[in-house]
1. What is the residue count in segment 11-45 for residues that are surrounded by fewer than 17 Cβ atoms within 10 Å (Cβ to Cβ), modelled with pLDDT of 95 or more and among the polar types (S, T, N, Q)?
2. Taking only pairs six or more apart or across chains, which ones have beta-carbon atoms under 9 Å, a first residue in segment 121-133 that is within 22 Å of S82 (Cβ to Cβ), and a second residue that is exposed (fewer than 13 other Cβ atoms within 10 Å of the Cβ) and among the polar types (S, T, N, Q)?
3. L53 - would you say it is assigned to a loop (DSSP other than H, G, I, E, B) and crowded, with 16+ Cβ neighbours inside 10 Å?
4. So which of A95, A88 is surrounded by fewer than 13 Cβ atoms within 10 Å (Cβ to Cβ) and either modelled with pLDDT of 95 or more or within 20 Å of Q24 (Cβ to Cβ) (or both)?
Amino acid sequence: MIRVALLILSLCCTLSHAELLVTQATVRLLPPGVPNTAAYFTIENNSQHAEFLVGAKANFVAKAEIHNHIHHNGMMKMQQQSEVKIEAGQTLHFAPGGLHIMLFGLKQPLSENQVLDLSVQTKSGKNIRFKADVKSPSIHKHHH
């Protein structure tokens, strides 16, 4: 009986992770010696309720944070986000000039087409893991 309950619980958790789908994930390749970079991706909320992203992790950097570019007093600046809401059925684009994952303190140099593991965390405790390809900045496109 306990095994059946654990199986059902694990299936529920697996299905709930599939409700948030990350695609088109990339990490910006910058010149050697630049210690920080950014990750971009598209995330779809296929669930029936809003989800909130509250954090990010990547084992190839010292720290990862959710950031957004904002206009303040006529200037563009980055600002850390404590949470980002994704409405039910909504797709968000993390792209240059907007939402992105800021990656601080690279532990090793990156190379073109390298594949890296990242994750984002939700307020409800879900950890959504995904892979991102390292790409030169010219590959990135703005989404509006």
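The values are calculated or read from the model by the stated rules, or taken from the named source; none is laboratory data. In this text the structure is predicted, and so the values were computed from the model without any measurement. Positions of Cβ are generated from backbone atoms using ideal geometry, with glycine treated the same way; all protein chains shown enter the neighbour counts.
1. 4
2. Close Cβ pairs satisfying both conditions: Q121/N127; F130/T23.
3. Taking the combined requirement at face value, the residue does not satisfy it.
4. It is A88.
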